[in-house]
Amino acid sequence: MLSVRLNAEQERQLEYIAMTQGLSKNQVVVAALEQYLKLQDMGTIPLTDRVQEASYETFVYNREEEKKEWVKAARIAEWARDGGIWSANPNQRRDGTPTGALYGRNTVVGYIWPQFGEVQVLSKYLGPHPSFGVASYRYETMPFDVWAEQMAYFPTARHSR
């Protein structure tokens, strides 16, 4: 048996998620805890075969271009920690033609840095019913500079910048 104390905003969010997904609040909390514990365990769980682990030297970069990319990666990490909503910049094109931006509700979850490439924003699409179907597994990537130009931050009641 576990008892959890939530603040009023967390309680409202939990009730909304449970209601919209047709689950009990307990089921939502258990699913979230299972996901969290699974991710925590993945980095230390024993494997049947040896894996080449990354060493400190792997992460040391000296070239100027890579230093610029680290600044972008740090900015993306701030966005991911913030957890806000992003969508296509409404001021990007006034003629109504679509851009390469992501429409709808998206949140930044991290970054991807291809070897010898530029840092890209990794975002998750937040559909109206995120736990249903394959849409709950939809992620997008976009180069940092394109994201900064084509996307806009939309504050929510619990996020302000």
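The values are calculated or read from the model by the stated rules, or taken from the named source; none is laboratory data. Everything quoted here is computed from the prediction, not taken from an experiment. Don't worry about glycine lacking a Cβ; one is built from the backbone with ideal geometry, like all the others, and counts go over all protein chains shown.
One residue is enough: does segment 57-79 have a residue meeting the conditions modelled with pLDDT of 85 or more and part of a strand (DSSP E or B)? The answer is no, given that none of the residues of segment 57-79 is modelled with pLDDT of 85 or more and part of a strand (DSSP E or B). Restricting attention to segment 20-44, the residues being within 23 Å of Pro128 (Cβ to Cβ) and surrounded by 12 or more Cβ atoms within 10 Å (Cβ to Cβ) number 10. Of all residues in segment 28-38, none satisfies being over 23 Å from the mean Cα position of the chain (by Cα), assigned to a helix (DSSP H, G or I) and not assigned by TED's automatic domain parsing to the domain that holds Leu126.
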